[in-house]
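The numbers here are math on the coordinates, done by the rules we state, and not lab data. In this text the structure is predicted, and so the values were computed from the model without any measurement. All Cβ positions, glycine included, derive from the backbone under ideal geometry; neighbour counts span all protein chains shown.
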């Protein structure tokens with residue numbers, strides 16, 4: 001993925017995508033489209049608010065440039081498709097953030113993650129413990 005910057009002041013997809021980019025990726029992932037045109041996305045967004053076709057076209061092109069969408073020529077238009085699922089995108093962004101931290105920062109990030117998860121859901125904390133156990137078992141092999 002190219003040209004994606006983390007914006008920690010935002011939430012959800014908007015931490016790494018601009019508002020309309022995030023909205024379009026939401027539409028694509030929630031619709032389950034394997035292929036779609038700019039017109040498909042425009043029609044969907046138009047049901048919620050007025051938006052120029054050219055704005056949607058430019059934003060879809062940016063998502064292609066960022067490698068979140070693939071495309072192929074279909075006559076005079078392009079058909080686009082997502083290059084990854086929402087889960088894969090979230091994982092990639094999480095890896096990017098963690099890989100950008102200095103070694104000392106990774107300890108802090110992990111401690112904060114465990115603290116936040118423990119506050120929210122003890123079952124999730126159990127899942128993290130299981131992941132750590134599995135990782136250690138792989139190291140012992």
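Modelled spin-label separation between residue 141 and residue 76, with each label point placed 7 Å from Cα along the Cα-to-Cβ direction: 5.6 nm.
Each Cα pair under 8 Å and six or more residues apart adds its sequence gap; the mean of these over the residue count of the chain is a relative contact order of 18 percent. If the chain linking residue 30 and residue 124 were pulled fully straight, counting 0.36 nm for each residue of separation and taking away their Cα-Cα distance, it would gain 31.4 nm.
Computed per residue of the chain from DSSP H runs no shorter than four, each worth -39500 (n - 2.57), the mean residue ellipticity at 222 nm is -20000 deg cm²/dmol. Taking the stretch 101-140 on its own, what percent of its Cα-Cα pair distances exceed 11 Å? When every Cα pair of the stretch 101-140 is considered, 66 percent fall beyond 11 Å. Taking every alpha-carbon pair under 8 Å whose residues sit at least 6 apart, the stretch 12-82 reaches a relative contact order of 34 percent. With all distinct Cα pairs included, what does the Kirkwood hydrodynamic radius of the chain come out to in Å, to one decimal, could you say? Final number for the Kirkwood radius of the chain is 17.5 Å.
Along its principal axes, the stretch 12-82 has C-alpha extents of 34, 26, 21 angstrom, given from the largest down. Return one number: the angle in degrees, 0 to 90 and rounded to the nearest 10, between the long axis of the Cα atoms of helix 103-120 and the longest principal axis of the Cα atoms of the chain. In the chain, helix 103-120 runs at an angle near 80 degrees to the longest axis.
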